[in-house]
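Please treat every number below as a calculation from the coordinates, not as lab data. No experiment lies behind these values; they were computed from the predicted model shown. Using ideal geometry, Cβ is built from the backbone for each residue, glycine included, and neighbour counts are taken over all protein chains shown.
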Amino acid sequence: MCLAVPAKVLEIENAIGKVEIAGVSREVSMMLLPEAKPGDFVLVHAGFAMQIVDEKDAEETNALLAEMKGAPRTVGAIEESVSHG
Amino acid sequence: MCLAVPAKVLEIENAIGKVEIAGVSREVSMMLLPEAKPGDFVLVHAGFAMQIVDEKDAEETNALLAEMKGAPRTVGAIEESVSHG
Amino acid sequence: MDKKEERELAQRLVAEITALAETTGRKLRFMEVCGTHTVVIFRAGIRQLLPANVELVSGPGCPVCVTPDDYMDKAIAYAQHPEVIITTFGDMLKVPGTKSSLSEAKTNGADIRIVYSPLDSIQIAKDNPDKKVVFLAVGFETTAPTAAATVLAAEQQGVKNLFMLSAQKLVPPVMETLLNDAQVHVDGFILPGHVSVVTGTGIYEPIVQNYHVPGVVTGFEPLQILRALYRLVKQVAKGEAKVENEYEDVVRPEGNPVSQRITDTVYEAADTGWRGMGIVPLSGLKMRAEYAAFDIEQVMPLPVGELPPAKKTACRCGEVLRGIVTPQDCPLFGKACVPTHAIGPCMVSVEGVCAAWFKYGQGRFEYGK
Amino acid sequence: MDKKEERELAQRLVAEITALAETTGRKLRFMEVCGTHTVVIFRAGIRQLLPANVELVSGPGCPVCVTPDDYMDKAIAYAQHPEVIITTFGDMLKVPGTKSSLSEAKTNGADIRIVYSPLDSIQIAKDNPDKKVVFLAVGFETTAPTAAATVLAAEQQGVKNLFMLSAQKLVPPVMETLLNDAQVHVDGFILPGHVSVVTGTGIYEPIVQNYHVPGVVTGFEPLQILRALYRLVKQVAKGEAKVENEYEDVVRPEGNPVSQRITDTVYEAADTGWRGMGIVPLSGLKMRAEYAAFDIEQVMPLPVGELPPAKKTACRCGEVLRGIVTPQDCPLFGKACVPTHAIGPCMVSVEGVCAAWFKYGQGRFEYGK
Amino acid sequence: MVSDKVTLAHGAGGKMSQELMEEVILPAYGNPLLEEMHDGAQVQMSGQVAFTTDSYVVQPLFFAGGNIGKLAVCGTVNDLAMTGAIPRYISAGLIIEEGFPVKDLKEILATMRQMADEAGIYIVTGDTKVVEKGKADGIFINTAGIGDVIRGTHISPKNVKPGMKVILSGYIGDHAAAILAGRHGLTLPDTVKTDCAPLCHMTKAMLSAVPDIAVLRDPTRGGVAAVLNEIAVASDCGILIDEEALPIHEEVQGVCDILGFDPLYLANEGKCVAFVPADRAQGVVDIMRANKYGRDARIIGEVTETAKGQVGLRTAIGGIRVVDMPLGNLVPRIC
Amino acid sequence: MVSDKVTLAHGAGGKMSQELMEEVILPAYGNPLLEEMHDGAQVQMSGQVAFTTDSYVVQPLFFAGGNIGKLAVCGTVNDLAMTGAIPRYISAGLIIEEGFPVKDLKEILATMRQMADEAGIYIVTGDTKVVEKGKADGIFINTAGIGDVIRGTHISPKNVKPGMKVILSGYIGDHAAAILAGRHGLTLPDTVKTDCAPLCHMTKAMLSAVPDIAVLRDPTRGGVAAVLNEIAVASDCGILIDEEALPIHEEVQGVCDILGFDPLYLANEGKCVAFVPADRAQGVVDIMRANKYGRDARIIGEVTETAKGQVGLRTAIGGIRVVDMPLGNLVPRIC
Ligand code: SF4
Ligand code: SF4
Ligand SMILES: [Mg+2]
Ligand SMILES: [Mg+2]
Ligand SMILES: [Mg+2]
Ligand SMILES: [Mg+2]
Ligand SMILES: [Mg+2]
Ligand SMILES: [Mg+2]
Ligand SMILES: [Mg+2]
Ligand SMILES: [Mg+2]
Ligand SMILES: [Mg+2]
Ligand SMILES: [Mg+2]
């Protein structure tokens, strides 16, 4: 539907950002994301920065694991673990 | 200065002549030589028929030979042969 | 998380999904609306990991697939015009119109340039002042603001020979159309992550509420999809229907307001045609009157009669796109219709459901059986 | 006449020429005005057959050679214009202008088409309606009517994008200039056969009378040239000066009146520049005001300053063209200046005197010494 | 005497052609066997001879780490190497577009010579044609090559049998990434460049030690995916590879993510895939690792009895998917 | 399954390439040695091997009596033949412009096969590239060839000595006339067509009977003039030929007269020039005349002590002029 990749903003000049994705750099338009600053990670689609990407939350995964922990094979158990976590 | 070749007119239509030179045919403009007719030999230059070519005159060569004949190495003798020829 | 941890988490999620699905005592059908999700599901082999009673069906989320023949025919007709340079995403190249494709037009000499960004069209327009550069503006809510921004940038830079041939589409109206369709049965939606980046999550609420069907926004990692499936199965198991967001690092509830405003400046909602679904009210975008000078259809309308009449084939793309049939139900699948000689757009596009089935071996592959 | 008879006749003519020349007791210099004659003389090895006291010098009869730098510079400037297609005889391609040549412009992307006939330009103009097609109209009296007829044909067919860049030249005025030049010594002229086809033989009468210098019109077979030489030596030996015609099968006294009229319709006589001779009064043709619409210099004048300033080289083409020096007197001949890297046009053109000297081995060839 | 641009006359077989030959081409290729203006070269060969050809039409002509000349020599050297031969002699057919800078031509020819030297071969015969402006794309190069087949080897897909290991010599997709990045506005760090290299010394070491290597193949156009599919079909076996085993530079993956490519389909110009009996596989890997072009060699999968004619890939999360033949050329996608 | 036009995908190394290969190329070339999708072919050779290459860029692609495919096979066959070899195997590298009609491709390939059959060779390896519309000129073909040098022969300009006779195998300029006529609006009678032909059977007969033939050369680009000049320089002898001995079809002379060309500079594709010791010259002519491509063979001149490095021509009226190297490409002239 819409390929998009996260990239780090290196610099911005005149609403043109230089971004880097795994060492590969490209110019993208910052027109749709004026609030982004160098150092931010942004989601890039079709040459435009579309959104700021938050730091990946390790807690989130832990929460999921907790949610599933000790809940072997029954819905009730999972529910329980969620309410516990 | 101006390369030109004799060619035989095969046909003419709308001032365009089809001419043949040693079996090679080409269309040429007859604009500059409206009097030419199929069967004529014409001189062709830069895609135009320029002049009707007379039948080669064997007599001409004979006249030249006659002019030179019996006139070995002196002007007088040649003159003579011409006036004789 | 390292790869091993990821694999373990995936196994864990699959186990949970299997267990939860079992508790429902019935067959569950979830639709991924987004074509990119479709591809990830096939590439990662997710279908093979799921239990027999959890079925995934693909929806109308491939922009190439839902674009109807008449748009392609128009694009081809413009491409053949000696004064026109077409710029397009690579995806559109092989999509069949009624009689031909852009790829064929290119082979026959049409000037068609593949761009990575609609913005690239501006430079091409500047480099070719004596030509009309026409960008094929297709896509969903994610892509529409990039086309709109390109129009605004061209206007600002005084570029007068860049135009759009627009066929942008909106997701929520077509989801509703599907839910109203008696042939379609869906127990929940994997909601499109990147559309939601622009729109936010709120737009799905009315649908989820009105039709009582769960929806989870998620990203494009295999694990994210498994997480979304886990949430969907769980909602079903609990009898709930709510919008959840498993892609919180980029999807905000309010989306991207600047993108929304820029799209809104250049475009307005309009009825538009979808392959297999006909006209869906207010499901597309058309250029506003203020931007008519950038609309190739207004600046240089095609002469009437330049488009060929509609064709009839046995292609079942229309139904495939609604999740009513699978590609294998199409008599042409894998026979007359293969990726090298596609009959319908669902076989052409990388995100096309038929292409994904074929490419990733569904129904023809021995491994993993 | 078979080949053997031809060879015998040639030997006979050479013998007569040798004998007659001897009777004059002095060195004789005949000038072939026409470059095609020059080439035949070299190709057939005629110089080697002649006695030491009969010298042949070449005149300004190569249209390429006499065309001055500034015309070439103009042609190149037009060629570089993106809207222009140049059509030209192949001969012009490598002629150096001040800094460059058409060939170099073509290598750098200029659209230059080689035509066999000026008429071919009309079709090219029709095929490229968005371009200006410019024919490089060079040549003498023979070629001028073909360019004029092309203009009339374009007019009649309503072709509005065909133009001429004209530099046609006339033979009699330049012959007179040569005869007035104290540095030039000529005992007789081999008169140009194909120019005479158009002009007739009468135009040479005033010159031959006024300057008491023999002239013989002839064709392009080696034998015809030997015959002309025989007639010239004979006139000198007899103290005569008249116009003779050894090319009677195509040259009529009155020439070709239709050609003359058509040239006269489109062109009028004008002062023009010759390489090495400067401006010669009324020695060229310019388009009449009525045909200004076909004159590229009027329709699309080059911006002032687009032409480079004149260059200085040691090239002695100007003197070579007047028969004052031979190519071997030029310090560059065969060293810096060779056909692959010509410095002057006399080395470029197939009919160029320097090229003929070089190509046919004059001064560097062992055979026949 | 040669001008700074190649002209039509340089290809017309006359004096200018001779000058181009003498001033540009012979000095670059120069070696004792090079035909000098003859109709062909004469070389000594005997026994089984490998013979191959490829044309090179890459754009851009110059790219990170190389140019078209490097490809033209290495590509043909590698094709000879993959047939189990020691490359000996190659030909060079140039088709040049009028106006091509002589400076660029010299650079390309110098690179060809350099690669020939590294591969231990001679460029012994050649041809130069010049076509009109707009009728080519700068320069096209064809090379054909001949080499001596190493005795005792018999490379053929028919020798591929279930249980054999699939070895890959290193990181994939570098060449295509270097070529494609610039075309789509991407800038790569200096560390990413074409992998183009002559592999003949490495393959000679491999085959000398393990003559029963069943197949060698260089994954060029169509990438690893094309090679594996061709061999799966030709051997009538299945091939199952492991996604996690595939060495892919982070930046190459980045290019793929941005443009929507799959690294398995990207062209390589200095890699080889080997099919080797299981018990010799680690030995072959060790030999490859001793060569500078095989330092990252590894086993990436194996030949199977099932899924005949097909290629499967075990994904990171444990699924299996088909790796199909590439369909056409790679174009960037948004979806 | 292949469409009616060649597309970029046909050259991308994937499924479409495979289809083009299987449906168009293999059926045309088909022979037991042809590499099928491998990296190269393997053939048996031994001893002295001749190796040559040429690219073909002719326009128009189809012309009276042939097409580019005919040239591509015969040209390389003849270059091998001229080195004193019996041609054995050739490669075929196609560079095709996107949009090229598959029908035309099939016709060209069929002609290549037919010529290969006549020459007694196999097309054993090949390559197909497709470039974007406007980046080539329909199709370019490169062929490289290998052959066995006939034992006891040693073709080299250095063997040319004063007194040797120069033999020409037949009428000159036919090929160039057939190509050029159409380009300049001239129509030739059906009798005038390219002379393109494989000469290897004739040269084999010549060399078998007279191994001390010093040089064989096919006068292609640059014509007889180029070949004679090259040999005059390489042998450091003079060459004097006789204008009246040159066989030129009347129509070819006609084309030359019209366009301002010299037939000595016109390309031939089925002729050879031989330098032969005087006492064997008539014998060689007789052998050539027994072959269908040498029926009009004759002695046209001889090698001289004087005029080292130069070529002279005795004109019909008895003068002598230089025949120089051609300068560039032939363009029609008015003067
Ligand atoms: S397999 Fe092909 S024809 Fe059938 S529905 Fe899919 S795209 Fe259409
Ligand atoms: S030899 Fe060259 S430089 Fe000298 S006069 Fe002739 S053209 Fe000019
Ligand atoms: Mg999305
Ligand atoms: Mg004349
Ligand atoms: Mg040859
Ligand atoms: Mg190959
Ligand atoms: Mg290869
Ligand atoms: Mg060659
Ligand atoms: Mg290979
Ligand atoms: Mg060759
Ligand atoms: Mg050759
Ligand atoms: Mg190949």
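Some points to look at:
- Taking the inverse of the mean reciprocal distance over all distinct Cα pairs, the Kirkwood hydrodynamic radius of the stretch E:5-149 comes to 15.3 Å.
- Divided by 2.2 N^0.38 Å, where N counts the residues, the Cα radius of gyration of the stretch D:152-217 comes to 1.57.
- Note: relative contact order over chain F, using C-alpha pairs below 8 Å and six or more positions apart, is 21 percent.
- Nearest-20 debye value, the stretch B:3-66 charge dipole, Cβ charges on Lys, Arg, Asp, Glu: 260 debye
- Average beta-carbon neighbours from other chains, 10 Å sphere, peptide C:236-246: 1
- Modelled spin labels at D:E22 and C:I279, positioned 7 Å past Cα toward Cβ, are 10.9 nm from each other.
- Computed packing ranks the peptides C:255-266, C:92-103, D:227-238, E:79-90 as E:79-90, D:227-238, C:92-103, C:255-266, most packed first, by mean other Cβ atoms within 10 Å.
- Taking a straight Cα-Cα cut-off under 24 Å and skipping sequence neighbours fewer than 8 places away in the same chain, the lysines within cross-link reach of D:K27 are D:K234, D:K238, D:K242, D:K369.
- In order through the stretch F:238-253: 3J(HN,Hα) via Karplus (6.51 cos²θ - 1.76 cosθ + 1.60), integer Hz, x for Gly, Pro: x, 10, 10, 10, 10, 3, 6, 7, 6, x, 9, 5, 3, 5, 5, 4
- Averaged over E:130-141, number of beta-carbon atoms from partner chains that fall within 10 Å: 5
- log₁₀ of I(q)/I(0) at q = 0.23 Å⁻¹ - the stretch F:124-201, Debye sum with one point per alpha carbon: -1.16
- Dipole magnitude of the protein assembly as shown about its Cα centre (Cβ charges: Lys, Arg +1; Asp, Glu -1), debye to nearest 20: 1940 debye
- Protection proxy ranking of E:45-53, D:54-62 - average other beta-carbon atoms within 10 Å, highest first: D:54-62, E:45-53
- For D:Q80, the distances from its label point to the matching points in the remaining copies are 4.0 nm, ordered from shortest, with each point set 7 Å beyond Cα toward Cβ.
- Across the alpha-carbon set of the stretch D:1-121, the Rg to Rh ratio works out to 1.19, Rh being the Kirkwood radius.
- From the Kirkwood radius over Cα pairs of chain C, Stokes-Einstein at 20 °C and 1.002 mPa s returns a whole-number translational diffusion coefficient of 100 µm²/s.
- Here the sum of -39500 (n - 2.57) over DSSP H runs of 4 or more residues, divided by the residues of the protein assembly as shown, equals -10000 deg cm²/dmol at 222 nm, to the nearest 500.
- Shielding by partners - mean other protein chain Cβ count within 10 Å, residues of C:114-125: 5
- Derived scalar couplings ³J(HN,Hα) [the stretch F:92-105; Karplus, 6.51 cos²θ - 1.76 cosθ + 1.60; whole Hz; x for Gly, Pro]: 9, x, 9, 10, 10, 7, 2, x, 5, x, 4, 4, 5, 4
- Here is the size of the stretch F:287-335 from its Cα atoms: Rg then Dmax, 15.7, 42 Å.
- Candidate aspartates and glutamates - alpha carbon under 17 Å from C:K359, same-chain residues fewer than 8 apart omitted: C:D91, C:D329, C:E351, E:E230, E:E243, E:D262, E:D324
- When the Cα gyration tensor is reduced to axis lengths a ≥ b ≥ c, the ratio a/c is 1.5 or higher for chain E, and with a/b not above b/c it is classed as oblate.
- Mean projected area (nm²) of the alpha-carbon convex hull when the stretch D:118-165 is viewed from all directions: 2.9 nm²
- Förster radius 51 Å - calculated FRET efficiency between C:K126 and C:E240, Cβ distance, rounded to 0.05: 0.40
- Phi-based couplings in Hz for the stretch E:75-84 (Karplus 6.51, -1.76, 1.60; Gly and Pro marked x): x, 6, 4, 5, 4, 5, 4, 5, 7, x
- Per-selection Rg to Rh, the protein assembly as shown - Cα, Kirkwood hydrodynamic radius: 1.05
- In chain C, Cα pairs under 8 Å separated by at least six residues give a relative contact order of 21 percent.
- Sorted from closest to farthest, the other copies place their D:Q209 label points 11.6 nm away, with each point set 7 Å from Cα along Cα→Cβ.
- The alpha carbons of the stretch B:3-66 occupy a box of 46, 23, 20 Å along the principal axes, longest dimension given first.
- Among B:41-52, D:277-288, sorting by the average number of other beta carbon atoms lying within 10 angstrom of each residue, highest first, gives B:41-52, D:277-288.
- Debye, to nearest 20: dipole size of the stretch C:220-314, +1 on Lys, Arg Cβ, -1 on Asp, Glu Cβ: 500 debye
- By the compact-protein rule of thumb, 2.2 N^0.38 Å, the alpha-carbon radius of gyration of the stretch E:157-322 corresponds to a ratio of 1.00.
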